[in-house]
Structures are given as structure tokens and as C-alpha cells.
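Throughout, read-outs are computed from the coordinates displayed, never taken from laboratory work. These figures come from a predicted structure and were not determined experimentally. A quick note on method: Cβ atoms are made from the backbone with ideal geometry, for glycine too, and the neighbour counts reach across all protein chains shown.
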Amino acid sequence: MRIVQIPLLRDNYGYLVVCQQTNSTAIIDPSEADPVWQRAEQEKVSLTAILNTHHHRDHTGGNEGLLAKQQLKVYGHTSDRERIPGLTDGIEEGDEIQIGSLKAKVFFIPGHTTGHVAYLFGNALFCGDTLFTAGCGRLFEGTAEQMKNSLAKLMALPDDTKVYCGHEYTESNLRFALSVEPKNHKLVSRSERVQALRARGTSTVPSTLEEEKQTNPFLRWDSKEIQASVKASMPGVSTDPVSIFGAVRKMKDSF
């Protein structure tokens, strides 16, 4: 398997997932058609499928343009049949998608939207806008409980799982993370590394699930320091995981 990251729009990432045995290739979350098509030609790969994590236009905006050039299978959650352009194959939790000799396992992870999915190829997790590097997506359509449960499902994957998310938000996410857990030394160290990468214009994606568990405030509802930060900001909030997660999400929304 070969993964090619494609910067799209202002801060989006699309990904070519290439089967090196067959050259069959999927594009994950094409925001725009032309840059994806040009990169596929440059890489000399054969596009066979579009894998959408959710229906938002900054993840599906290139579908029509790609389909105008070539017939492709388009995958997305069954519930988004009317919201993902060109959807041919509705998918559910536990389904498998074949790209050449590669197989992707589907995870249903609602919260950011009600029809959000992730694709796991080997140890490469393409999680759209549910899990970000050092953050998570806003709750546009789902509840805090749904999102917390979706994140917990992803946290159960092995620590060496690589996290390929939909946006380059790491630096700003870490600024917020430090505001709620400033004594987390691994978080401080990560922030310094990320600032150096961004100063050179280098991508900070992927991270690993281990790094996210250690430094992502939206996965750290058990952290006493984060719980104290929540209590200071929102007196009376319960310390159960859903309440802490929901409070941290509200704090980030207004950060």
C-alpha cells in the first residue's frame, strides 16, 4: 500500500490509497476534482473508487468533477445516499471495501455528522472530521454521547495505528489542548515539534493513535487536570466521561 497526501482547498487533505500490486487506487474525501486528477496522473495510478467519510462539501466537492471524467464507485454511509454526490455503494459498520488487493474495514462513527464513517486499511485510519490530530470535529449533527462513543471505538485500535484526518488543524488544536492541560509534558513537547513543522510548511498528519491518547484533550476525559479545567470553567459539570467530553467540546467551540 502507498498513501499520497493531497493538500486541497485552504486546509483540507485528500488521500490516494494505492494498491501497489494492481495500481488500483481510491481517493478519500476529494474536496476538489482537478488537483486530485492531476496528482493521480502524476503518480500514474488508476482511480477506481471515491471513499467519502461524510457528506460535507469540503469532503465531497470533487465527486462530480471526477465522475465526469471517469466511472468510479462512490462509497459512503447508507444514510447519506441523498447527501453524497454520485453515491453508488452505501456502507455500514463492519463492511469491507476492496481496492485491488487492499481491504478497508468500515467503522460507523457518528457525532460530527449522523452518517460519518472511517476507513481502516491495515494500520492506516482515515477518519475524516471525527478524530483530528490533537482535536475532534464539531458536533454539527450528533450528540456528545455519540461522539464520545465514536472516539472510544477508534481508541480501541492498536497504538501504532496511523491517524489520517481531513484537515491541517494540529497547531491550533494544540493551543487549545495546552489551555486545558498545561502540565502535560508530552503535550508541551508535541506542540514544540508541530510549531517547527508548520514553520517549514510541513504537514503534521499523520499522527499515531498512541500520540493522540497521550495529548488529545478529546480523548482524555479521565485526566484529572482536564477535569479541573472543566470545573473551573463550568462549575457543576459532572465528571462522567460524556459530561467532561461535552464540556471540553463547548470550551473549544468558544476558544
Listed residue (Ala228, Thr215, Leu178) projecting farthest to the positive dipole end of the stretch 170-253, Cβ model: Leu178
Using each residue's phi in the stretch 119-129, evaluate 6.51 cos²θ - 1.76 cosθ + 1.60 at θ = phi - 60° and report the 3J(HN,Hα) Karplus result to the nearest Hz, with x for Gly and Pro. 10, 10, 9, x, 9, 9, 9, 9, 10, x, 10
About the Cα centre of the chain, what is the dipole size in debye to 20, counting +1 per Lys and Arg Cβ and -1 per Asp and Glu Cβ, all else neutral? 600
Sorting Met251, His56, Phe132 by the position of each Cα along the dipole of the chain (Lys, Arg +1; Asp, Glu -1; all at Cβ), the one nearest the positive end of that ordering is Met251
Please compute the net charge surrounding Leu209, taking Lys and Arg as +1 and Asp and Glu as -1 over other residues with Cβ under 10 Å from its Cβ. -3
Residues whose built amide H sits under 5 Å from the amide H of His167, excluding neighbours closer than 5 in sequence, are Tyr13
Averaged over all directions, how much area does the convex hull of the C-alpha atoms of the stretch 170-253 cover when projected, in nm²? 5.3
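To the nearest 20 Debye, how big is the dipole of the stretch 1-142 about its Cα centre, given +1 on the beta carbon of each Lys and Arg and -1 on that of each Asp and Glu? Let's see the in-between values first.
Working: 12 positive and 17 negative charges, 62 e Å.
Its charge dipole is roughly 300 debye.
So for each of 47-53, 224-230, 13-19, 196-202 I average, over its residues, the number of other beta carbons within 10 Å; can you give me the resulting order with the highest mean first?
On the way: 47-53: 24.6, 224-230: 17.9, 13-19: 22.9, 196-202: 9.9.
My ranking of the peptides, most packed first, is 47-53, 13-19, 224-230, 196-202.
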What number, rounded to the nearest 500 deg cm²/dmol, is the helix-based mean residue ellipticity at 222 nm of the chain, given -39500 (n - 2.57) per DSSP H run of at least four residues and division by all its residues? -10000 deg cm²/dmol
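Please report, to one decimal in angstroms, the Kirkwood hydrodynamic radius of the stretch 14-63 built from all distinct Cα-Cα pairs.
Numbers: mean 1/r = 0.0932 Å⁻¹.
Value: 10.7 Å, from the Cα pair sum.
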For the stretch 2-165, report the convex hull volume of the alpha-carbon atoms normalised per residue, in Å³, without decimals. 102
Taking the Cα centre of the stretch 170-253 as origin, work out the dipole magnitude from +1 charges on Lys and Arg Cβ and -1 charges on Asp and Glu Cβ, in debye rounded to 20. 200
